[in-house]
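Below is one structure, written out as structure tokens; the observations come after it.
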Amino acid sequence: MAGWSCLVTGAGGFLGHRIIRLLLEEKELQEIRALDKVFRPELREEFSKLQSKIKLTMLEGDILDEQCLKRACQGTSVVIHTASVIDIIGVINRETIMNVNLKGTQLLLEACAQASVPIFIYTSTMEVAGPNSYSEIIQNGHEDEHLESRWTTSYPYSKKLAEKAVLAANGWALKNGGTLHTCALRPMYIYGEGSVFLYGHVYKALKNNGILKQSSKFSVANPVYVGNVAWAHILALRALQDPKKASSIGGQFYYISDDTPHQSYDNLNYNLSKEWGLALESRMSLPLCLKYWLAFLLEIVSFLLSPIYKYEPPFNRHIVTLLNSVFTFSYKKAQRDLGYEPLFSWEEAKQKTAEWIGSIVKEYKETLKTKTH
């Protein structure tokens with residue numbers, strides 16, 4: 001694919017900008033188009049510096065704007081679609097999530113068909129597979145198990161339908177007579193520098209005398225480092241560029257994990273931040289079944305109040321299940337088909353993330369000093 005170009009949606013996001021950094025190393029790539037609704041000033045600056053290496057076009061636009069998508073796809077060889085609204089606690093309007101995650105994906109697929117873009121890689125999530133119940137144990141799960149989330153909660157439901165649309169589009173006839181090849185990557189919970197979730201946990205702990213709240217002590221997860229997820233996208237791109245591999249990889253989905261030790265989400269937060277003096281709270285937590293039924297009651301209260309008042313429960317059954325299940329997956333299929341091996345070891349990922357957490361801790365302490373003087 002001499003002189004090819006790549007469009008990355010959600011390019012200003014946690015994962016999107018990592019993919020762009022890795023794309024810079026790709027052979028014969030002529031242009032990267034970075035599409036997002038808005039770019040943070042510091043990211044604009046970073047992307048501007050990268051323009052000396054390769055043509056990097058920043059496009060600010062909405063994933064629901066058909067004209068914007070048509071322009072972005074015109075003359076593009078590959079689309080990597082990471083743009084998504086992530087909401088596991090249910091604070092964002094359902095219609096917004098369904099529109100961006102599902103309708104936006106469908107519009108982008110149509111734009112690819114019209115502009116004859118032959119490769120489409122979709123960033124899915126392990127949440128399209130579940131967990132459906134905290135009592136169900138999935139350890140080192142794999143693609144042949146065909147697990148499917150039964151939740152109708154906006155985020156997993158919208159991502160599940162969007163992934164189905166992407167995989168069903170594999171084999172579409174393109175306007176120029178070519179064929180569309182698609183695949184989906186399902187990363188585990190992604191951690192690393194810049195994680196909004198990790199930032200939230202650390203910041204709350206700093207305001208709570210350095211104590212990290214426990215909310216998922218019963219979980220066993222295999223979190224994945226953001227750099228390794230970005231790398232998996234590059235390998236999927238290379239595989240789909242190879243005509244011999246494209247026919248067997250097209251229409252497939254892949255779980256993406258790495259060699260981060262299996263642990264609870266609480267322990268992950270602790271392991272990444274303990275060198276900065278943060279500690280896990282030691283108080284007893286509610287039995288899991290009680291917490292689940294309490295979540296159900298809160299959901300009923302929220303529903304009953306909805307005509308007169310928007311009550312957002314602090315947790316729901318979906319989040320209790322998600323944060324307290326044994327739910328881990330193997331990356332063997334990605335290893336076999338895409339040649340995927342983690343680019344960063346657990347030690348490297350831990351060190352990089354811990355250094356970033358250190359900068360948050362220092363910034364917080366500086367802010368406190370300023371307030372007290």
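Of everything in segment 60-77, what is among the β-branched types (Val, Ile, Thr) and closer than 15 Å to VAL117 by Cβ? Give them in sequence order.
Listed by number, the list holds a single entry, THR76.
Is it the case that some residue within segment 65-78 is surrounded by 16 or more Cβ atoms within 10 Å (Cβ to Cβ), among the acidic types (Asp, Glu) and either modelled with pLDDT of 95 or more or within 19 Å of the chain's Cα centre (by Cα) (or both)?
no
What tally of residues in segment 304-333 results from selecting those that are under 13 Å from GLY90 (Cα atoms), without any contact (Cβ under 8 Å) to a residue 40 or more places away in the chain and outside any loop (DSSP other than H, G, I, E, B)?
Here the count works out to 1.
Take PHE327 and decide whether it is of a type in the set (A, V, I, L, M, F, W, C) and in contact with a Pro (Cβ under 6 Å, 6 or more places away or on another chain). Full working, then the answer.
Working: of a type in the set (A, V, I, L, M, F, W, C): yes; in contact with a Pro (Cβ under 6 Å, 6 or more places away or on another chain): yes.
Against the criterion (of a type in the set (A, V, I, L, M, F, W, C) and in contact with a Pro (Cβ under 6 Å, 6 or more places away or on another chain)), PHE327 qualifies.
Please identify the pairs in which a residue from segment 89-100 that is loosely packed, with under 13 Cβ neighbours inside 10 Å has its Cβ atom under 8 Å from the Cβ atom of a residue that is charged (D, E, K, R), counting only partners at least 6 apart or on another chain.
What qualifies is VAL91/GLU312.
Would you check which residues across segment 29-44 are in a strand (DSSP E or B) and either of a type outside the set (A, V, I, L, M, F, W, C) or farther than 20 Å from SER77 by Cβ (or both) and list them?
As a first pass, look at segment 29-44 and keep what is in a strand (DSSP E or B): 29-36.
Hits for segment 29-44 are GLN30, GLU31, ARG33, ASP36.
Restricting attention to segment 194-211, and to residues there that are in contact (Cβ under 8 Å) with a residue 24 or more places away in the chain and part of a helix (DSSP H, G or I), which single residue is surrounded by the fewest Cβ atoms within 10 Å (Cβ to Cβ)?
VAL196
Looking at segment 326-348, which of its residues are surrounded by fewer than 21 Cβ atoms within 10 Å (Cβ to Cβ), of a type in the set (Gly, Ala, Ser) and closer than 18 Å to ASN140 by Cα?
SER330
Provide a single number: the residues in segment 348-369 that are without any contact (Cβ under 8 Å) to a residue 24 or more places away in the chain and closer than 18 Å to ASN209 by Cα.
Summing the residues that are without any contact (Cβ under 8 Å) to a residue 24 or more places away in the chain and closer than 18 Å to ASN209 by Cα in segment 348-369 gives 8.
May I ask you to list the residues in segment 45-64 that are under 21 Å from the mean Cα position of the chain (by Cα) and farther than 13 Å from GLY16 by Cβ?
Hits for segment 45-64 are GLU60, GLY61, ASP62, LEU64.
Only one residue in LEU147, LEU174 is touching a Ser or Thr at 6+ places or on another chain (Cβ under 6 Å) and either surrounded by fewer than 22 Cβ atoms within 10 Å (Cβ to Cβ) or under 30 Å from CYS112 (Cα atoms) (or both), so which one is that? Give the derivation first.
Details: LEU147 fails: touching a Ser or Thr at 6+ places or on another chain (Cβ under 6 Å).
Selected residue: LEU174, the only one of LEU147, LEU174 that is touching a Ser or Thr at 6+ places or on another chain (Cβ under 6 Å) and either surrounded by fewer than 22 Cβ atoms within 10 Å (Cβ to Cβ) or under 30 Å from CYS112 (Cα atoms) (or both).
Could you name every one of the helices (runs of 4 or more DSSP H) located completely within segment 212-303 that has at least 3 residues being modelled with pLDDT of 95 or more and either of a type in the set (Gly, Ala, Ser) or crowded, with 23+ Cβ neighbours inside 10 Å (or both)? Steps first, answer last, please.
On the way: elements: 226-241, 243-249, 265-273.
In segment 212-303, 226-241, 265-273 are the helices (runs of 4 or more DSSP H) which contain 3 or more residues that are modelled with pLDDT of 95 or more and either of a type in the set (Gly, Ala, Ser) or crowded, with 23+ Cβ neighbours inside 10 Å (or both).
Can you name the residue in segment 46-69 that is of a type in the set (Val, Ile, Thr) and in a loop (DSSP other than H, G, I, E, B) and is also nearest to GLY10 (Cα to Cα) among such residues?
ILE63
When you scan segment 101-193 for strands (runs of 3 or more DSSP E) that lie fully inside it, which ones turn up with 1 or more residues that are within 15 Å of the chain's Cα centre (by Cα) and not aromatic (Phe, Trp, Tyr)?
Details: elements: 119-123, 137-141, 181-187.
In segment 101-193, the matching strands (runs of 3 or more DSSP E) lie at 119-123, 181-187.
Filter segment 231-248 for residues that are farther than 21 Å from GLY16 by Cα and either of a type in the set (S, T, N, Q) or within 21 Å of the chain's Cα centre (by Cα) (or both) and give the result. Outline the logic, then answer.
Our first condition is that a residue be farther than 21 Å from GLY16 by Cα; within segment 231-248, this holds for 242-248.
Answer for segment 231-248, where residues must be farther than 21 Å from GLY16 by Cα and either of a type in the set (S, T, N, Q) or within 21 Å of the chain's Cα centre (by Cα) (or both): SER247, SER248.
In the set ILE63, ILE86, ILE80, which member is of a type outside the set (D, E, K, R), out of contact with any strand residue (DSSP E or B) (no Cβ under 7 Å at 6 or more places or on another chain) and closer than 21 Å to ALA236 by Cβ? Let's see the steps before the verdict.
Values: ILE63 fails: out of contact with any strand residue (DSSP E or B) (no Cβ under 7 Å at 6 or more places or on another chain); ILE80 fails: out of contact with any strand residue (DSSP E or B) (no Cβ under 7 Å at 6 or more places or on another chain).
Checking each option against the conditions leaves just ILE86.
Failed condition for ALA115, given (1) touching a Cys at 6+ places or on another chain (Cβ under 6 Å); (2) at positive phi, with all others met?
(2)
Looking at segment 334-347, which of the residues that are part of a helix (DSSP H, G or I), touching a residue at least 40 places away in the same chain (Cβ under 8 Å) and not small (Gly, Ala, Ser) is nearest to PRO261 (Cα to Cα)?
Of all residues in segment 334-347, those part of a helix (DSSP H, G or I) come to 334-338, 346-347.
Now drop any that are not touching a residue at least 40 places away in the same chain (Cβ under 8 Å), which leaves 334, 337-338, 346.
Filter once more, so that each one left must be not small (Gly, Ala, Ser): 337-338, 346.
Numbers: ASP337: 23, LEU338: 22, TRP346: 8 Å.
If we take residues in segment 334-347 being part of a helix (DSSP H, G or I), touching a residue at least 40 places away in the same chain (Cβ under 8 Å) and not small (Gly, Ala, Ser), then TRP346 is nearest to PRO261 (Cα to Cα).
The values are calculated or read from the model by the stated rules, or taken from the named source; none is laboratory data. This structure is a prediction, so every number in the text was calculated from the model and none was measured. For neighbour counting, all protein chains shown are included, and Cβ atoms are generated from backbone atoms with ideal geometry for every residue, glycine included.
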